[in-house]
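*Asks:* Take a look at this one; I'll ask things after.
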Amino acid sequence: MKSVASKKLASKKVVKKALAVVSITSATLLIASCGGGDKAVGIEPQVHTDALFAVMKADRTNYTKLIIQRLGPKGAGAITPKEEWKDLENGAPLPAQMFRAGAEAVRDLNDTFTYSLQSLWPINKQNAPKSPMEKEGLTFIKDNPGENFYGTEELGGVNYYTAVYPDVAVAAPCVDCHNEHKDTPKTDFKLGDVMGGVVIRVPL
Amino acid sequence: MKRFFWGVWLLLTIGIAAYYGYMMLYGEDKTPLLIGETTYGHYQIEMSCSTCHTDAFGGPEVLQNACTQCHAEELELANDSHPKSKFTDPRNADLLEIIDARYCVSCHTEHHKDKTLEMGLTLPKDYCFHCHQEIIEERESHKDLAFDSCASAGCHNYHDNRALYEGFLVRHADEPIFKAIALIPERTGEKRYIEKQAKKKIEVKPLALADANFSSFSGELPKDVVHEWMASAHGKNSIQCIDCHADSKSADAEWIVKPDHNQCRSCHQPQVKGFLEGKHGMRLADTVADPLTAITPAESELEFKHESLGIAHSCVACHSSHEFDTKTAAVESCLGCHNDEHSLAYLESPHFSLWEKEQQGELPKNSGVSCATCHMPREKMDKAGTKVIVNHNQNATLRPNEKMIRPVCMSCHGLAFAIDALADEELIKNNFKGKPSIHIKSIDMAIEREKK
């Protein structure tokens, strides 16, 4: 039978041991995390797609203003931006075609995201919204100018984070060409209108 | 008793496995391993399984690489309307579950000859509707057209629409049946060679027997060979015997008694490349994994002249060696083997009479139409025509025949006439003697939409 005094001493020893272990462990952790520095953390999907869209928009706007407007029929007349540009002398892709070419090329380079240009009033009906989320997104950006649409959907057994950004008519050629095209379902686009949407998908 | 039967079974199993295993890995004749007849497109290389089946395991990508290693370039040149990149967006996932258009074999499956349609298609012909259901609402003009009539003559093609897209139809809508200037491009090979040699300060002149360099040849020189060579474009342009009959100019280089396309390739790369891509030379192509012998008419299901059945194809089969007469190669060589309705009808055709008149000097140069004019067309490599190459891939303009419109027919004819003529099967059989009896409405439809 152990005495009360020796029991108290024993429990004190246990507490001391526990304290020692805890303090050594926390000290180690502190030192380790101090030395570790910046550890990379994941990016929020929304931040990711917003960033991608910023690049796409900037590149296409620049292409329209710096190349098409400057060298095209309204400028130097050195290039012919037309739908069938590959078959024309000095033919150049239209901004929407340049955008789509980028989307196709990206799929060969990188499989962490895909993007496409779609519209509720497409010239080529294959660019009409297909999935329910695309329809919802395009309708949302039409009804809520200035806002983006974000959601998640499942396609072909894979979950995607889907972002839909408004594609706004930034230059007169955008509305003129679309209004006059023989296949357009809408002939009263105006500058500043939402003509369609850029749909960016990130597999989750 | 049981042991006996077990023993027999074991022996049989090992025997059969060994037989097929040996055949698969080392066998020369793999015919029993073929799971079904190969299509007309590939039957020539069916004995070289590993040309397409590069890996036993690897999934659809392995076969896709096999297709693209031979066919990718042509599709790129054709500005393929349905490249793989059109389908890789995940928004198409549900459509791809039925027809996976990212892979060639989804629509062109080999070894199922019994269900293979034209162009190697192994799908029902109304496949277009699977993705293009909007046409019903979008095109009033297509209301009464059958669902399997999309990819028909003069209308649409899945891959190559260079002569069929709307903008092209509209631009060339008003062309007459015969163009005012109806000439094929002038060949430029000889001229460019002389210019190239001049830049290197090398003299190019007609050679005589005294100039001939056949240093590594031993034996008696056949006299007619020398005369043929002297009269040929080679002899007239300082091309020596050893330039073809040896792989180097040194005196101890081995003499090649029968040079083949590899020797011709040292100067005529584009022509040999085309030859190896077409039906004449595909057995000899570098992309074929096993060494195969050149095709002979006997092995083909087309009709050939009896005396030609055993002739192996090669450069010299058409361009007889030492003479290398391109005029002979353009008509006589073809008709020396080909014996089908279209070939036999050529000699009665208006195209042939133009060719005859050109040879006799009654018509300007390049106004005649030989077999080669259509089936191995002269292609301008630049707009000015300073570089013209004869495309030796006889398949390049053959199927679908709309591929012939731009490089060939439109040299002399308007687009509307060319489309109608190529859609008229009877007219093709009698080698274009007469006017087309069919009218394809493509141009009319395009103009109609343009007016709106």
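FYI, it's all coordinate maths here, none of it is from the lab. Since we're looking at a predicted model, the values are computed, not measured. Don't worry about glycine lacking a Cβ; one is built from the backbone with ideal geometry, like all the others, and counts go over all protein chains shown.
*Asks:* Treating only the Cβ atoms of Lys and Arg (+1) and Asp and Glu (-1) as charged, compute the dipole magnitude of segment B:377-452 about its Cα centre; round to the nearest 20 debye.
*Replies:* 240 debye
*Asks:* Which net charge results for the neighbourhood of B:Thr122, defined as the other residues with beta-carbon distances under 15 angstrom from its beta-carbon, given Lys and Arg at +1 and Asp and Glu at -1?
*Replies:* Summing Lys/Arg as +1 and Asp/Glu as -1 gives -4.
*Asks:* To the nearest Å, what is the center-to-center distance of segment A:153-199 and segment B:396-452, using C-alpha atoms only?
*Replies:* 37 Å
*Asks:* If you don't mind, another one. Enter the mean number of other protein chain beta carbons within 10 Å of the beta carbon of each residue in B:79-89, as an integer.
*Replies:* 3
*Asks:* Also, I was wondering about something else. Apply the membrane-span-like helix rule to chain A: whole DSSP H runs, Cα extent along the own long axis of at least 24 Å, mean Kyte-Doolittle hydropathy at least 0.5. List the helices found.
*Replies:* The answer, listed by residue number, is A:4-36.
*Asks:* Around B:Lys435, with a cut-off of 10 angstrom between Cβ atoms, what is the net charge of the other residues, counting Lys and Arg +1 and Asp and Glu -1?
*Replies:* -1
*Asks:* Let me ask another. Kyte-Doolittle cut-off 0.0, length cut-off 20 Å along the helix's own axis using Cα: show which whole DSSP H helices in chain B pass.
*Replies:* Helices meeting the span and hydropathy rule in chain B are B:2-25.
*Asks:* Would you calculate a helix-derived [θ] at 222 nm for chain A, using -39,500 (n - 2.57) for each DSSP H run of n ≥ 4 and dividing by the full residue count, to the nearest 500?
*Replies:* -14500 deg cm²/dmol
*Asks:* Let me ask something else. Put +1 on the Cβ of every Lys and Arg and -1 on every Asp and Glu Cβ in segment A:45-203; which of A:Tyr150, A:Pro132, A:Gly91 then has its Cα farthest towards the positive end of the dipole?
*Replies:* Comparing the listed Cα positions along the dipole, A:Gly91 ranks first.
*Asks:* Next question. Dipole magnitude of the protein assembly as shown about its Cα centre, charges +1 at Lys/Arg Cβ and -1 at Asp/Glu Cβ only, in debye to the nearest 20?
*Replies:* 3460 debye
*Asks:* Treating only the Cβ atoms of Lys and Arg (+1) and Asp and Glu (-1) as charged, compute the dipole magnitude of segment B:1-110 about its Cα centre; round to the nearest 20 debye.
*Replies:* In debye, rounded to 20, segment B:1-110 gives about 700.
*Asks:* In addition: When N counts the residues of the protein assembly as shown, how does its alpha-carbon radius of gyration compare numerically with 2.2 N^0.38 Å, as a ratio?
*Replies:* Dividing the Cα Rg of the protein assembly as shown by 2.2 N^0.38 Å gives 1.31.
*Asks:* I need B:Phe304, B:Phe324 ordered by Cβ neighbour count within 10 Å, fewest first.
*Replies:* B:Phe304, B:Phe324
*Asks:* Say each of A:Ala54 and B:Ser321 gets a label point 7 Å from the Cα, pointing the same way as Cα to Cβ; how far apart are those two points in nm?
*Replies:* 7.0 nm
*Asks:* Something else about it: If you wrap a convex hull around the Cα atoms of segment B:232-275, how much volume per residue is inside, in Å³?
*Replies:* Here the figure is 79 Å³ per residue.
*Asks:* What is the distance in Å between the Cα centroid of segment B:132-147 and that of segment B:269-313?
*Replies:* Taking the Cα centre of each part, segment B:132-147 and segment B:269-313 sit 43 Å apart.
*Asks:* Any number yet on Rg/Rh for segment B:230-314, C-alpha, Kirkwood?
*Replies:* 1.04
*Asks:* Would you pull out the residues with amide H under 5 Å of A:Asp167's amide H, same chain only if 5 or more places away, H placed 1.01 Å from N?
*Replies:* Excluding prolines and chain starts, which carry no amide H, the hits are A:Met195, A:Gly196, A:Gly197, A:Val198.
*Asks:* Further question: Could you give the Stokes-Einstein D for chain B in µm² per second, using the C-alpha Kirkwood radius, 10 °C, 1.306 mPa s?
*Replies:* 62 µm²/s
*Asks:* Something else now. Using only atoms on other chains, find how many Cβ atoms lie within 10 Å of each Cβ of peptide B:90-101 and report the average.
*Replies:* Average per residue, whole number: 4.
*Asks:* Computed over the Cα atoms, what is the radius of gyration of segment B:114-208 divided by 2.2 N^0.38 Å, N being its residue count?
*Replies:* Segment B:114-208 yields a ratio of 1.93.
*Asks:* Further, regarding this structure: Along Cα→Cβ, 7 Å out, is where each label goes; now give me the distance between the ones at B:Cys267 and B:Lys113 in nm to one decimal.
*Replies:* 4.1 nm
*Asks:* Let me ask another. Please compute the Kirkwood hydrodynamic radius of chain A from all pairs of different C-alpha atoms, in Å with one decimal.
*Replies:* In chain A this quantity evaluates to 21.1 Å.
*Asks:* Another one. For the pair A:Lys182/B:His71, report the inter-label distance in nm, with labels modelled 7 Å from Cα in the Cβ direction.
*Replies:* Calculated label separation equals 3.1 nm.
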